[in-house]
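Read through the structure below, which is laid out as structure tokens, and then see the notes.
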Amino acid sequence: MENNRPEWSSHLSFIVATVGSAVGLGNIWRFPYIMGKNGGAVFLITYILLIAFICIIPLCSELGLGKLYKKDVINTFKSIKPKYAWIGWLCIITVTLIPCFYFVVGGWILNYIWVFLTGNTAHNYADYFNSFSSQIYMPCFLTILFLLMTAIFPFRGVNSGIEKANNLMMPLFVIMLLILAGFALTLPGAKEGLAFMFKPDFSQFNKTMILTALGQALFTLSIGMGTILTYGSYMKENTNIVKSAYTLILCDTFIAVSAGIMIFPIVFSFGTEPSAGVSLAFISMPQMFAQLPCASLFGLIFFVLLFFASITSGISMLETTVSAFIDNLKISRKKATVLTVFIISLISIPASLSFGVLKYFKIFDKTVFDLLDYSTSNIFLPFNTLIICLITGWCIPQFWKKVFGEGFIGGLFNILLKFIVPIILIFVLITGI
Ligand code: PFF
């Protein structure tokens with residue numbers, strides 16, 4: 001059992017790990033198609049404003065809680081007041097449910113890596129994807145394989161597992177992303193793609209778009225489930241929270257925008273719909289790669305890139321649960337990881353099957369996969385974030401001074417934390433439900 005809480009070996013490792021958590025399928029796969037569906041440039045502007053002035057607040061709150069209490073998410077809330085332990089449990093439920101659908105997509109990614117590695121590419125990816133994802137055994141097997149590959153790192157510990165994985169994979173990820181984005185810019189549709197991303201059409205501005213942008217911002221920053229709190233609890237004493245939070249936001253947004261620069265020129269060059277949704281990564285992109293010279297190579301780079309992005313986020317999800325199990329169930333890190341893997345496998349199998357045999361099994365009119373995705377992103381995340389803001393804003397004396405510092409910025413952030421962000425989140429929740 002761990003007596004002393006582990007600590008990142010350097011400030012850079014802390015930043016790389018939190019960026020690794022934040023940058024995931026949300027940036028590469030979800031951000032471009034949501035942006036495509038919501039009007040391009042206007043969405044981007046709204047998103048950047050929300051992330052810089054609104055989401056920064058809960059992000060700093062979670063980092064602050066981690067730094068001040070240096071505990072897992074459940075004990076953090078218990079330390080504020082024993083009767084608040086349920087908030088920690090709620091975060092743990094959320095962060096355990098997310099990998100149950102996220103890792104199904106991880107399994108698909110493993111399959112596509114195999115396809116491009118062996119050169120067994122398909123002719124029609126729509127048919128290919130539908131027939132593959134509706135199978136029983138292979139997608140389940142790959143989901144569990146992805147889960148096990150991710151679990152190796154929390155199993156080995158913070159420094160020798162998580163830190164090493166992020167320090168290796170994140171630079172490779174950024175290099176591959178820049179190579180693909182650079183290549184995309186040489187395609188004939190580059191101008192149109194860039195115009196779609198950066199030339200705003202303000203007639204597209206509407207309420208739904210703002211809510212979608214906020215939901216996406218919370219998801220991409222991994223806020224509202226204790227992940228950032230847990231990574232924050234391993235930070236060094238002298239870390240500046242506001243600066244670290246803005247660094248994280250900057251890196252996350254840079255990567256999301258680069259993903260757009262990689263995807264939209266390709267989309268416009270081949271005349272696909274920018275709002276193609278879930279199928280953008282698994283049907284449209286491979287279909288377009290197939291028409292390029294060196295198709296297998298580009299396909300392989302794209303899916304390895306998705307793999308790195310999803311595994312570093314997956315590690316942070318598992319670590320949040322593992323850390324809470326170690327401290328609350330008083331078990332070793334290895335046992336806590338095995339228990340986490342066991343719980344996630346049980347739920348992720350029906351999620352995977354919901355593309356095939358369980359297609360018509362619906363709860364609240366949603367398949368298991370959709371229900372997990374919808375309830376975590378639209379209900380749990382905003383709700384948990386709201387509670388975290390209320391607790392840090394109203395129940396911990398001087399929290400804002402310790403985290404934001406005094407002076408004008410501190411005062412402004414305090415008002416945002418206590419009033420403005422909670423009101424916006426309540427509004428999001430009511431609309432989401
Ligand atoms: N931020 C990740 C993404 O954008 O893909 C998703 C995520 C990571 C959600 C970690 C939850 C979490 F705990």
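The values are calculated or read from the model by the stated rules, or taken from the named source; none is laboratory data. What you see is a predicted model, and the numbers here were worked out from it, not measured in a lab. Glycine gets a Cβ as well: all are built from the backbone with ideal geometry, and neighbour counts include every protein chain shown. What goes into the accessible areas is simple: the full protein's heavy atoms, side chains included, and nothing from ligands, DNA or RNA. Shrake-Rupley method; radii C 1.70, N 1.55, O 1.52, S 1.80 Å.
Look at the range 339-355: where a residue is free of Cβ contacts under 8 Å to residues at least 12 places away in the same chain and basic (Lys, Arg), no partner that is open to solvent by 20 Å² or more (accessible area, probe 1.4 Å) and outside any helix (DSSP H, G or I) sits 6+ places away or on another chain with Cβ atoms under 6 Å.
So which residues in the range 39-75 are among the hydroxyl-bearing types (Ser, Thr, Tyr) and farther than 12 Å from PHE399 by Cα? Lay out the reasoning, then the answer.
Taking the range 39-75 as the starting set, the residues that turn out to be among the hydroxyl-bearing types (Ser, Thr, Tyr) are 46-47, 61, 69.
Passing the criteria: THR46, TYR47.
Within the range 238-264, the set of residues being among the charged types (D, E, K, R), open to solvent by 10 Å² or more (accessible area, probe 1.4 Å) and touching a residue at least 40 places away in the same chain (Cβ under 8 Å) is empty. Being open to solvent by 40 Å² or more (accessible area, probe 1.4 Å) and touching a helix residue (DSSP H, G or I) at 6+ places or on another chain (Cβ under 7 Å) narrows it down to one residue among LEU97, LEU142, LEU117; which is it? The conditions single out LEU117.
Residues of the range 35-58 that are closer than 12 Å to VAL421 by Cα, crowded, with 22+ Cβ neighbours inside 10 Å and over 17 Å from the mean Cα position of the chain (by Cα): ILE57 alone.
Which count do you get for residues in the range 69-123 that are in contact (Cβ under 8 Å) with a residue 12 or more places away in the chain, more than 28 Å from LEU353 (Cβ to Cβ) and assigned to a helix (DSSP H, G or I)? Result for the range 69-123: 10.
The requirement of being touching a residue at least 40 places away in the same chain (Cβ under 8 Å) and β-branched (Val, Ile, Thr) is satisfied by THR143. One residue is enough: does the range 204-213 have a residue meeting the conditions open to solvent by 10 Å² or more (accessible area, probe 1.4 Å), away from the ligand (no atom under 16 Å from the Cβ), at pLDDT 95 or above and not small (Gly, Ala, Ser)? Checking the range 204-213: not a single residue is open to solvent by 10 Å² or more (accessible area, probe 1.4 Å), away from the ligand (no atom under 16 Å from the Cβ), at pLDDT 95 or above and not small (Gly, Ala, Ser). Within this structure, SER332 passes the test of being more than 16 Å from the ligand (Cβ to nearest atom), open to solvent by 10 Å² or more (accessible area, probe 1.4 Å) and not basic (Lys, Arg).
For ILE57, the conditions (1) touching a Cys at 6+ places or on another chain (Cβ under 8 Å); (2) within 16 Å of the ligand (Cβ to nearest atom) all hold with the exception of (2). Taken together, LEU412, LEU371, LEU346 contain a single residue that is open to solvent by 70 Å² or more (accessible area, probe 1.4 Å), over 29 Å from GLY64 (Cβ atoms) and part of a helix (DSSP H, G or I), which is LEU346. In the range 303-327, the residues that are over 18 Å from ALA17 (Cβ atoms) form Cβ pairs under 8 Å with partners that are within 11 Å of the ligand (Cβ to nearest atom), at six or more places apart or across chains, as follows: LEU305/ILE28; LEU306/LEU25; LEU306/ILE28; LEU306/TRP29. Scanning the range 385-409 for residues that are within 27 Å of the chain's Cα centre (by Cα) and either polar (S, T, N, Q) or open to solvent by 70 Å² or more (accessible area, probe 1.4 Å) (or both) yields THR385, THR392. Out of curiosity, is SER352 surrounded by 15 or more Cβ atoms within 10 Å (Cβ to Cβ), within 16 Å of the ligand (Cβ to nearest atom), modelled with pLDDT of 95 or more and polar (S, T, N, Q)? It is false that SER352 is surrounded by 15 or more Cβ atoms within 10 Å (Cβ to Cβ), within 16 Å of the ligand (Cβ to nearest atom), modelled with pLDDT of 95 or more and polar (S, T, N, Q). Close Cβ contacts (under 6 Å, 6 or more residues apart or on different chains) running from residues in the range 17-37 that are at negative phi to residues that are outside any helix (DSSP H, G or I) and within 11 Å of the ligand (Cβ to nearest atom) comprise SER21/SER222; ALA22/LEU221; ALA22/SER222. One residue stands out among those in the range 11-30 that are part of a helix (DSSP H, G or I), within 8 Å of the ligand (Cβ to nearest atom) and among the small types (Gly, Ala, Ser): the one that is surrounded by the most Cβ atoms within 10 Å (Cβ to Cβ), which is ALA22.
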